[in-house]
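The values are calculated or read from the model by the stated rules, or taken from the named source; none is laboratory data. Computed from a predicted model, the values in this text were never measured in an experiment. We place every Cβ from the backbone using ideal geometry, glycine too, and count neighbours over all the protein chains shown. Only protein heavy atoms, including side chains, enter the accessible area calculation; ligands, DNA and RNA are left aside. Shrake-Rupley method; radii C 1.70, N 1.55, O 1.52, S 1.80 Å.
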Amino acid sequence: MTDGAGAPKSRALLCFLLFTSGCMAVRIGDEAYGTDVGGVFYVFADMAVHVINPVNLSVVKTITQDQDGNTLSNVGSYGGGPNISRSWNDAVLAEDPSLNKSYLFVNEGDVYPGPGNQTHSYVTVIDTSTATVIARVSVGPLPVHIYVINPTREVWSHSDTDGTFDVIAVADIAAGDVTKLNATNVPGVVKEGGHGKLLLDTALYPKSYATNVNEQWLNQLNLVERTRTASYDFSETMPDCAGTHSIVYSNISQHAYVECLPGGIFEWNTVNDTLVHYFANITGYLTAALGDDYILASDASNNLVTVLSPQANGVSSKVSYSVSVLGNPQHPIFYSNSSDYTTVPGLQDYTIFFPLADDTNIANLATGLDVQAASYSYAPGDCVYDNTTAITSETTGLTLASSGNQIQTPECGACAPGFEPFDPSYFNGSVSGVRYVTLSNILSNASIGLLGNTTFISSGAVMPAASEGTDANQCSLGELYRIGKRGGPFIAINADIPTASVYFIDASNPNGPGLYGSVNTSTRPAWISWVPLNVPALQTTILGAA
């Protein structure tokens with residue numbers, strides 16, 4: 001979206017400035033750009049970043065060099081090399097109105113040695129007007145999540161090694177002006193650094209909260225002052241909550257909702273910073289519906305999405321619905337035909353898409369075992385096959401042996417053929433993809449104990465991996481992850497099987513969402529970002545008249 005002069009508008013910032021005049025609560029990160037129609041997807045893969053036009057399913061540019069003309073390898077990092085790609089984690093889009101430009105900031109997951117015993121990683125910066133890498137900023141080691149705070153024009157990168165944030169001023173990216181903000185280290189009680197997230201919402205601004213999977217504290221931050229203002233110890237009130245992960249906010253209740261590890265959810269009153277309720281029997285990755293009407297908890301290991309209904313401030317939310325979403329559902333993506341992210345025309349207008357990250361190994365599928373279930377992951381047993389049946393990519397009738405010719409074998413789970421080395425021919429990508437459901441369908445058909453139905457769209461599968469932990473037979477699958485992003489009318493998801501690619505779902509189809517097409521990429525497409533055509537230079541440099 002542009003004004004009459006062609007300058008980009010930040011919808012999130014606009015709502016922030018007008019918040020007192022009636023805007024609802026809005027996440028202030030780059031997801032506000034998803035409703036912009038017309039743009040390109042950036043796909044971060046091995047040794048390359050592809051710029052894809054979803055309308056004609058074409059790669060309009062592939063970035064293969066950094067700001068110094070080097071390849072996108074991780075040479076110099078621990079375990080790195082000239083032919084090993086940089087590891088791409090999360091990316092965000094940030095605007096610089098003073099220059100009429102926008103930039104992509106992407107965390108690199110590789111760790112490099114530094115002075116003394118220090119280590120560090122990098123954030124790569126891409127100028128979207130030219131689709132070129134212009135900077136590489138040193139940050140704390142192993143950054144995964146990254147955030148853009150539009151009111152201050154800053155990007156915050158979170159280090160999973162020390163649990164701190166590095167703050168990059170958008171205006172100073174060329175100079176690499178980075179200031180360390182200690183967001184989690186509580187003196188004397190912190191266990192260690194760890195993976196964590198940052199809660200952003202205009203209704204809370206400048207207050208925020210940070211999570212950490214390794215400690216029983218909820219930390220409060222001031223985004224303007226770059227300080228930790230308070231830390232809340234919940235080790236006694238919720239001893240089973242060993243750490244925290246995802247966190248969302250509802251302006252209806254003025255509560256934060258926090259995912260506990262290894263399971264559970266707690267509801268936190270942000271008005272007086274007190275515990276409202278601990279949901280011990282509900283777990284999963286948390287997402288807030290765009291109108292704050294509902295909080296979704298996506299429990300991938302149990303293929304279940306639980307819907308909470310926020311109530312008045314200080315009152316515990318109601319557990320309203322449960323929906324079965326088969327296939328290891330990932331972070332949900334909300335779609336509405338409304339072009340205004342800040343206005344919710346009606347809950348029934350929204351469709352929720354769940355990228356699926358299920359195991360599609362042919363041998364595992366044939367056994368009928370759910371090798372991703374928590375019961376298998378934590379206490380796996382050897383699979384039992386009929387030893388008269390060979391385990392090959394052509395096998396279609398492999399079953400568990402009930403009697404007679406039976407044999408125990410470790411060739412199941414992550415030990416099945418095709419895992420190491422990875423061979424996509426041993427996997428059936430047609431049985432994975434995306435599931436979607438409308439919120440109106442949930443409201444009319446689902447309830448506690450009565451599961452609603454979702455619609456399946458076949459769209460490839462992601463590459464599985466063995467668990468890094470130790471278990472009974474060393475054949476458990478590690479956690480699978482699949483990224484999905486909305487861009488205009490499209491939902492884009494990554495795939496490794498049957499080939500490295502990005503699939504595009506047309507969410508605006510009046511006959512119902514369906515597969516629009518796919519585009520092949522370099523191996524291991526790991527992250528997807530949407531860049532709208534709200535910068536004139538981008539339109540002429542990347543897509544021409546398109």
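Using heavy atoms of the protein chains and a probe of 1.4 Å, the accessible area assigned to TYR278 is about 60 Å².
Here r is the Cβ-Cβ distance between SER316 and ASP273 and R0 is 25 Å; the resulting FRET efficiency, rounded to 0.05, is 0.95. Applying the Kirkwood pairwise sum to the alpha-carbon positions of the stretch 36-141 produces a hydrodynamic radius of 14.7 angstrom.
Distance between the modelled labels on TYR481 and SER458, one decimal in nanometres: 2.9 nm (7 Å Cα→Cβ projection). Annotation: for a label point projected 7 angstrom from Cα along Cα→Cβ of THR132, residues of the stretch 86-114 with backbone N closer than 17 Å are 101-104.
Heavy-atom accessible area for LEU275, with the other protein chains in place and a 1.4 Å probe, reaches approximately 70 Å².
Accessible area of SER309 (1.4 Å probe, protein heavy atoms only, ligands and nucleic acids ignored): about 20 Å². Using C-alpha pairs under 8 Å with a sequence gap of at least 6, the mean separation divided by the residue count of the stretch 212-345 gives a relative contact order of 15 percent.
Taking a quarter of the surface of the convex hull around the Cα atoms of the stretch 181-304, what do you get in nm²?
7.5 nm²
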